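Novice: What follows is a single structure, and I will ask about it in a moment.
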Amino acid sequence: MADLFSMKNRVVLLTGASRGLGRDMALTLAAAGATVLCAGRTVKELEGTVRAITRKGGKAHVVPLDITDEAAVREQVATIIHQHRRIDVLVNNAGIIYREAIVNTPTELFRKAVETDLIGQFVLAREVGRHMLARKYGRIVNISSVMAILGRASVAGYVAAKHGLVGLTKNLAAEYGPHVTANAIAPGYIRTKLNVALQENKEFNTMLEQRTAAHRWGKPEDLRGPLLLLASDAGAYMTGHTLVVDGGLTTILA
Ligand SMILES: NC(=O)c1ccc[n+]([C@@H]2O[C@H](COP(=O)([O-])OP(=O)(O)OC[C@H]3O[C@@H](n4cnc5c(N)ncnc54)[C@H](OP(=O)(O)O)[C@@H]3O)[C@@H](O)[C@H]2O)c1
């Protein structure tokens, strides 16, 4: 059965691989046999991820990339296909968040969140998608959020973009079948640099512990199984789906 989730001989382009959830995803995919192309803006941190993988005998490379730079995305996708012959799996994980009330939010700040959390994913899914369609194989995994189900004060840009990403995932599924699947993961709260403010907020911690059946924050490793399901052949008949991995947060009121 392990073969079902195997990533052997798969080439994966993973954005946001430098830290947080992306770093754990990179290690997970490499441990399952993939060659992981670790994309992001901070090369030094990406090198750290690649080193951690190669030290364990896995295969990985650094891909310097700002996903909001469309020309750079085009160029990197072409370079990867030239060097590695293919991209089997795209994991759109990179993302940012800002915290500000709507009435105090400059349009540019909102636009930046949408550009990084939705438009970058669209551009990558389009550029990589053309290649996957031609090859008649592909898996796209978009990392959305429980903020694609709920709203929350002060994170409007993030909420709008993550809702949009679920819609984009459905459309990718509609247009990319039958050989290319597109799914999303909607994680609950997992301690990373993205949510330091919430980790330090006592009220938020109490609320989270009450609202999750698991009574705890998520851990990066909680996403390993769901990621492998959607990135491997195990998920071949799943597409357009958003897999919620939140310890029960969005199904329990209190
Ligand atoms: N942590 C959670 O609780 C949680 C919950 C739900 C969903 N998520 C989602 O999971 C994903 C990863 O989040 P995280 O918690 O691991 O956050 P994180 O620790 O802040 O990591 C974000 C990653 O995205 C990269 N990134 C940001 N902007 C980029 C850009 N323009 N181009 C390329 N890479 C960029 C960062 O690398 P550089 O800065 O070096 O470019 C970094 O590797 C995000 O999409 C986030 O919305 C997280």
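Coordinate-derived values only; no laboratory data. Worth saying up front: this structure is predicted, and the values here are computed from it rather than measured. A quick note on method: Cβ atoms are made from the backbone with ideal geometry, for glycine too, and the neighbour counts reach across all protein chains shown.
Novice: Report, in debye and to the nearest 20, how large the dipole of region 197-241 comes out about its Cα centre when Lys and Arg carry +1 and Asp and Glu carry -1 on their Cβ.
Specialist: Values: 5 positive and 6 negative charges, 15 e Å.
In debye, rounded to 20, region 197-241 gives about 80.
Novice: Right, something else. State the extension gain, in nm to one decimal, for the chain segment bounded by K56 and A174, taking 0.36 nm per residue of separation less the distance between their alpha-carbons. Don't jump to the answer; show the numbers that get you there.
Specialist: On the way: separation 118, 0.36 × 118 = 42.48 nm, distance 3.83 nm.
Full extension of this stretch gives 38.7 nm more.
Novice: Please work out the Cα center distance from region 30-59 to region 187-254, rounded to the nearest Å.
Specialist: 23
Novice: Between V43 and K8, how many nm apart are label points set 7 Å from Cα along the C-beta direction?
Specialist: My value for the distance between the label points is 3.5 nm.
Novice: May I pose another question? Note down the magnitude of the dipole of the chain about its Cα centre, charges +1 on Lys and Arg C-beta and -1 on Asp and Glu C-beta and zero elsewhere, to the nearest 20 debye.
Specialist: Values: 31 positive and 22 negative charges, 115 e Å.
About 560 debye.
Novice: Between Y98 and H84, how many nm apart are label points set 7 Å from Cα along the C-beta direction?
Specialist: Distance between the two pseudo-spin positions: 3.2 nm.
Novice: What residue among V62, V155, V141 shows peak mean-square fluctuation when the chain is described by a Gaussian network model with Cα springs under 10 Å?
Specialist: With Cα springs under 10 Å in the chain, the top fluctuation among V62, V155, V141 is at V155.
Novice: What is the diffusion coefficient of region 107-254 in µm²/s, taking the Kirkwood radius over Cα pairs and the Stokes-Einstein relation at 25 °C with a viscosity of 0.890 mPa s? Walk me through the numbers on the way to the answer.
Specialist: Working: Rh = 16.2 Å.
For these conditions, the coefficient is 151 µm²/s.
Novice: Can you compute the helix-only [θ] at 222 nm over the chain? Use -39500 (n - 2.57) per DSSP H run of at least 4 residues, normalise by all residues, nearest 500 deg cm²/dmol.
Specialist: -13000 deg cm²/dmol
Novice: Loop-only trypsin sites (Lys or Arg not before Pro) in region 1-34, please: DSSP not H, G, I, E or B, and at most 15 other Cβ atoms within 10 Å. Don't skip to the end; give the middle numbers.
Specialist: Values: sites: K8, R10, R19, R23; in loops: K8, R10, R19.
Passing both the DSSP loop test and the Cβ count: K8.
Novice: May I ask you to list the trypsin sites (Lys or Arg not before Pro) in region 60-106 that are in a DSSP loop and have at most 12 other Cβ atoms within 10 Å of their Cβ? Write down the numbers at each step before the final one.
Specialist: Working: sites: R74, R85, R86, R99; in loops: R85, R86, R99.
Here the trypsin sites (Lys or Arg not before Pro) that fit, given the DSSP loop and packing criteria, are R85.
Novice: Further, regarding this structure: Identify, among V11, G240, T116, the residue whose Cα sits farthest towards the positive end of the charge dipole of the chain, taking +1 on the Cβ of Lys and Arg and -1 on the Cβ of Asp and Glu, with the dipole about the Cα centre.
Specialist: V11
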